[in-house]
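Colleague: The structure that follows is given in the form of structure tokens.
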Amino acid sequence: MPNRYIDVPLYRLAHSRTGDKGNISNISVIAFEPEYFRMLAKQLTEAAVQDWFAFRQPKSVHRYLIESIFSMNFVLDGILDGGVNDALNLDAHGKALSFYLLDFPIRVSKELSEKLPDLHDEVNII
């Protein structure tokens, strides 16, 4: 039986915002469509995000679901090399971390994957 599922990067299902204070990064993930939210909530767990950022060695990862707006917020403590003012590695902060999270693989049906936008799709800016 052929595999009916495929992994796609998170950015095809959601967008992200981020901020940082001290040694804590705050990363939100907002589903493009309400029906994507449950799938993301199942796969984008605290443990999965902790593993995804293991190379940065966060002290902890906490997830807050905001179902009314189909989003979630992750608070990653101890991930910023001491904080923006202390760290020599500016790429480890804020937006760079949200872009890294947007590469997280999400398992979807092949049928859904064919409907999702990708970076190669034409973008119309008005």
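Colleague: So, in the range 46-59, of the ones that are surrounded by 14 or more Cβ atoms within 10 Å (Cβ to Cβ) and not charged (D, E, K, R), which residue ends up farthest from Ser71 (Cα to Cα)?
Modeller: That would be Pro58.
Colleague: Same structure again: When the range 1-41 is examined, which residues are found to be over 23 Å from Ser113 (Cα atoms) and β-branched (Val, Ile, Thr)?
Modeller: Passing the criteria: Thr18, Ile24, Ile27.
Colleague: Looking at the range 13-126, what strands (runs of 3 or more DSSP E) fall wholly within it and have at least 3 residues that are modelled with pLDDT of 95 or more and within 29 Å of Asn3 (Cα to Cα)?
Modeller: Counting at least 3 such residues, we get 24-31, 105-109.
Colleague: Let me ask something else. Go through the range 1-12 and report how many residues are outside any strand (DSSP E or B) and at pLDDT 95 or above.
Modeller: 3
The values are calculated or read from the model by the stated rules, or taken from the named source; none is laboratory data. Being a predicted model, the structure only gives us computed values, none of them experimental. Note that each Cβ is placed from the backbone with ideal geometry, even for glycine, and that neighbours are counted across all protein chains shown.
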